[in-house]
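Working notes, structure below.
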Amino acid sequence: MFLFSELGDRSPARLALSGSDWAITHRVLRGTFVDCPIGLPPDLVVIEPAPLRTIEGLAAALAAHPVVARAPWIVVLDPERAHVAPRLPCNDFVLRGFAHVELLARAARALGGRVRRDSAIHNSVVVNSVVHSGALTLDLAAHIARESDVTIKLKPQEFALLRYFLQSQGRPLSRAQILSAVWGPDYDGGERTVDVHVRRLRAQLGSAASMLETLREVGYRWMG
């Protein structure tokens with residue numbers, strides 16, 4: 001996946017995608033110049049222009065690009081520019097200020113049918129925007145969680161938290177990492193928020209809760 005952004009290290013898209021297990025290549029976006037160093041189209045392209053940037057010229061350049069034009073792409077739009085989305089040659093879009101989980105879900109949908117790069121290690125795959133871990137299944141597009149065909153009723157934040165755990169399967173996660181990925185880097189609540197939501201999530205998961213391990217003085221890890 002390629003991310004072209006004008007926002008550098010401040011890029012919300014970069015922060016959101018860094019919480020996934022997809023291989024991400026970051027490139028600087030300068031005006032309508034798209035520096036794509038490969039000849040074959042990537043699986044997905046995410047375009048993040050600067051705020052208040054006029055998008056039509058950039059969209060035309062992308063549509064004419066010999067590589068990017070052959071890849072599905074998602075563009076970040078200012079809310080006041082959402083009305084131009086139907087006229088853009090993109091596959092999908094998110095509005096600036098998006099929750100991290102929204103961009104990840106839209107990227108997973110665009111990548112439908114492709115296996116995550118770490119699936120051979122952790123036995124967790126994304127197929128048509130569905131994440132599997134043992135008997136647990138997460139449908140990212142429909143926001144439905146199931147264990148052995150039994151639906152698990154989760155609130156939106158619980159679903160986002162579970163998604164992050166499953167897509168980070170096997171990796172130790174600090175509370176700070178979890179807060180940034182699930183609540184966003186600007187969230188000003190304390191790390192206790194993570195513990196409260198983990199406790200609620202475990203109560204909903206039943207037997208699957210045993211896969212969520214507490215790491216003393218570290219945070220949590222989904223073992224699967």
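We did not get these values from a lab; they are worked out from the coordinates using the rules stated. Source: prediction; values computed, not measured. All Cβ positions, even for glycine, are placed from backbone atoms using ideal geometry, and neighbour counts span all protein chains on display.
Pull out a ≥ b ≥ c, the square roots of the eigenvalues of the alpha-carbon gyration tensor of region 2-110, then state rounded if a/c is under 1.5, prolate if not and a/b is larger than b/c, and oblate in the remaining case. Because its axes are fairly even, with a/c under 1.5, region 2-110 counts as rounded. Among residues other than W73 with Cβ under 14 Å from its Cβ, the summed charge is +1 (Lys and Arg +1, Asp and Glu -1). Can you tally the net charge around R53? Count Lys and Arg as +1, Asp and Glu as -1, for every other residue whose Cβ sits under 15 Å from the Cβ of R53. Once all neighbours under 15 Å are counted, the net charge is -1. Fewest neighbouring Cβ atoms within 10 Å first, the residues E191, E48 line up as E191, E48. Within the shell of other residues whose beta carbon sits under 13 angstrom from the beta carbon of T214, the net charge comes to +2, with Lys and Arg scored +1 and Asp and Glu -1. Select from V101, L179, Q169 the residue farthest towards the positive end of the dipole of the chain; place +1 on Cβ of Lys and Arg, -1 on Cβ of Asp and Glu, and compute about the Cα centre. The one lying farthest along the dipole's positive direction is Q169. Peptides 155-167, 87-99 ranked from most to least packed, by the mean per-residue count of other Cβ atoms within 10 Å: 155-167, 87-99. Classified by the C-alpha gyration tensor, region 6-45 has an oblate form. Its axis ratio a/c, with a ≥ b ≥ c, is 1.5 or above, and a/b does not exceed b/c.
Of the Cα atoms belonging to region 159-210, the radius of gyration and Dmax stand at 10.9, 34 Å. The slack between Q157 and S174, meaning 0.36 nm per residue of separation minus the straight C-alpha distance, is 4.4 nm. Using the Cβ-Cβ distance between N91 and D9 with R0 set to 30 Å, the FRET efficiency works out to roughly 0.70. Extension gain, A82-H143: 0.36 nm per intervening residue step, less the Cα-Cα distance, totals 19.6 nm. On the principal axes of its alpha-carbon atoms, region 119-222 has extents of 35, 28, 25 Å, going from largest to smallest. Taking a point 7 Å out from the Cα of D195 in the direction of its Cβ, the residues of region 135-162 whose backbone N falls within less than 20 Å of it are 158, 161-162.
Using just its DSSP H runs of length 4 or more, each adding -39500 (n - 2.57), the chain gives a mean residue ellipticity at 222 nm of -7500 deg cm²/dmol after division by all residues.
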